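The values are calculated or read from the model by the stated rules, or taken from the named source; none is laboratory data. For clarity, every value in this text was computed on a predicted model and none was experimentally measured. Using ideal geometry, Cβ is built from the backbone for each residue, glycine included, and neighbour counts are taken over all protein chains shown. Ligands, DNA and RNA are stripped out before the accessible areas are found, and what is left, the full protein with its side chains, is counted by its heavy atoms. Shrake-Rupley method; radii C 1.70, N 1.55, O 1.52, S 1.80 Å.
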Amino acid sequence: MTYIFCVIGKSSTGKDTVFDLLLNDSSLSLQKIVTYTTRPIRAGETDGREYFFVDEDEEERLSKEGKIIERRSYDTVYGKWDYFTVNDGQIEVSEGQDKCYIVIATLESFARLKNFYKNVKVVPIYIYVEDGIRLLRALERERAQKVHRYDEMCRRYLGDMKDFSDEKLKECGIDHYFENEDSQRTADEIASYIRSVQRGG
């Protein structure tokens with residue numbers, strides 16, 4: 001069986017930290033899926049680690065070749081930014097061979113991956129943080145950037161309220177979440193859940 005575990009959550013919920021802890025847990029045997037974006041790279045990010053950072057010409061080339069599995073576009077205060085998953089060989093689906101992948105996703109990309117990979121078990125892992133704490137985290141992160149984009153930070157924060165509404169969570173069949181008060185504790189809890197899924201539980 002091939003599994004794709006999708007780490008999902010609003011901005012500033014600590015997805016990246018929990019994701020890295022899960023990826024570095026050798027007992028889970030997870031392989032990272034790196035998605036693509038046309039947004040500018042942020043301070044501290046590395047091309048090919050958080051995302052593959054590409055321009056619109058490269059995105060168009062991949063689209064014409066039929067390699068884009070799913071794509072989301074956001075009208076930001078700095079223009080349109082696209083995020084997308086590419087059928088670039090990172091994900092292998094083989095009969096009789098167990099493969100476990102992990103990716104940071106949105107509700108929309110989770111749904112589209114589930115629809116694209118018919119013979120793969122696509123599993124949501126929804127991470128939750130109370131909105132007041134999340135706002136403070138977002139502000140701290142933005143202050144650490146060389147160029148402060150507080151307007152874009154606010155747009156994302158407000159957009160998340162709509163994108164992760166109870167109705168949309170229900171549509172995606174997500175009725176459970178992992179509250180992230182401590183990253184290591186949350187990662188340990190999710191790791192136990194992943195093991196149970198891998199065992200067929």
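Over the Cα atoms of the chain, compute the convex hull volume and normalise it per residue, giving Å³. Could the numbers behind the result be given before it?
Details: hull volume 25.4 nm³, N = 201.
Cα convex hull per residue, to the nearest whole number: 126 Å³.
Calculate one ³J(HN,Hα) per residue across segment 3-12 by plugging θ = phi - 60° into the Karplus curve 6.51 cos²θ - 1.76 cosθ + 1.60, and present them in order as whole Hz with x for glycine and proline.
For segment 3-12, the Karplus-derived couplings read 10, 10, 8, 9, 7, 10, x, 5, 5, 6 Hz, x marking Gly and Pro.
For I102, what residues show an amide H to amide H distance below 5 Å, using hydrogens built from the backbone and excluding near sequence neighbours?
F5, Q31, K32, I33
What are the ³J(HN,Hα) values, in whole Hz, obtained from phi via the Karplus relation 6.51 cos²θ - 1.76 cosθ + 1.60 with θ = phi - 60°, for each residue of segment 71-85 in sequence order, with x given for Gly and Pro?
Karplus values, whole Hz, x for Gly and Pro: 8, 10, 10, 10, 8, 8, 5, 10, x, 7, 10, 10, 10, 7, 9.
Considering amide H positions built from the backbone, and no H for Pro or chain starts, which residues 5 or more places from V122, or on another chain, come under 5 Å of its amide H?
The answer is I4.
Considering only protein heavy atoms and a 1.4 Å probe, what is the carbon-and-sulfur percentage of the accessible area of the chain? Walk me through the intermediate numbers first.
Values: 5190 of 11090 Å².
After summing per-atom areas, the C and S share lands at 47 percent.
Between T76 and L158, 0.36 nm times their residue separation minus their Cα-Cα distance comes to what? List each step's numbers first, then the result.
Numbers: separation 82, 0.36 × 82 = 29.52 nm, distance 1.20 nm.
Stretched out fully, the T76 to L158 stretch lengthens by 28.3 nm.
Magnitude of the Cβ-charge dipole of segment 21-180, K/R +1 and D/E -1, about the Cα centre, nearest 20 debye?
Numbers: 26 positive and 32 negative charges, 21 e Å.
Here the size comes out at about 100 debye.
Measure up K15/K99; K64/K146; K114/K146; K15/K121 against 32 Å on the Cα-Cα distance and list the ones that go over.
Details: K15/K99 22 Å; K64/K146 35 Å; K114/K146 37 Å; K15/K121 21 Å.
In this structure, K64/K146; K114/K146 exceed 32 Å between Cα atoms.
List the GluC sites (Glu not before Pro) within segment 1-104 that DSSP assigns to loop and that have no more than 15 neighbouring Cβ atoms inside 10 Å.
The qualifying sites are E45, E65, E92, E95.
Under 1.5 on a/c is rounded, so check that first for segment 143-201, then, if it is not, pick prolate when a/b is larger than b/c and oblate when it is not; a ≥ b ≥ c are the square roots of the alpha carbon gyration tensor eigenvalues.
Values: a/c = 3.54, a/b = 1.57, b/c = 2.26.
Cα axes put segment 143-201 in the oblate bin.
Among A105, V147, L158, whose Cα projects farthest towards the positive end of the dipole of segment 101-158, with charges put on the beta-carbon of Lys, Arg (+1) and Asp, Glu (-1)?
Of the candidates, A105 comes out farthest on the positive side.
When only C-alpha pairs under 8 Å and at least 6 residues apart count, what is the relative contact order of segment 59-169, in percent? List each step's numbers first, then the result.
Values: 68 pairs, mean separation 24.6, N = 111.
Here the relative contact order equals 22 percent.
Once you have the Cα-Cα distance between Y117 and R42, take 0.36 nm times their residue separation minus that, and quote the gain in nm to one decimal.
23.9 nm
With a ≥ b ≥ c the root eigenvalues of the C-alpha gyration tensor of segment 80-149, is it rounded (a/c under 1.5), prolate (a/b larger than b/c) or oblate? Write down the numbers at each step before the final one.
On the way: a/c = 2.79, a/b = 2.10, b/c = 1.33.
Judged from the Cα gyration tensor, segment 80-149 comes out prolate (a/c at least 1.5, a/b above b/c).
Could you tell me which of rounded, prolate or oblate describes segment 1-97, using a ≥ b ≥ c as the square roots of the eigenvalues of the alpha-carbon gyration tensor, with rounded for a/c under 1.5 and, failing that, prolate when a/b is larger than b/c and oblate otherwise?
Details: a/c = 2.15, a/b = 1.25, b/c = 1.72.
Oblate, since a/c reaches 1.5 and b/c is not below a/b.
With viscosity set to 0.692 mPa s at 37 °C, what whole-number translational diffusion coefficient in µm²/s follows for segment 43-122 from Stokes-Einstein and a Kirkwood radius over Cα pairs? Before the final figure, lay out the partial values.
Values: Rh = 14.4 Å.
Calculated translational D: 229 µm²/s.
Work out from phi, with θ = phi - 60° and the Karplus expression 6.51 cos²θ - 1.76 cosθ + 1.60, the ³J(HN,Hα) of each residue of segment 143-150, listed in order in whole Hz, and give x for Gly and Pro.
5, 7, 7, 5, 10, 7, 10, 5
What is the spin-label model distance, in nm, from S192 to N24 if the labels are put 7 Å beyond Cα along the C-beta direction?
2.2
Just to make sure I understand: if all protein chains stay in place, what is the order of R185, R134, R199 by accessible area at 1.4 Å, largest first? Kindly include the intermediate steps, with their values, before the conclusion.
Values: R185 135, R134 0, R199 180 Å².
I get R199, R185, R134, largest accessible area first.
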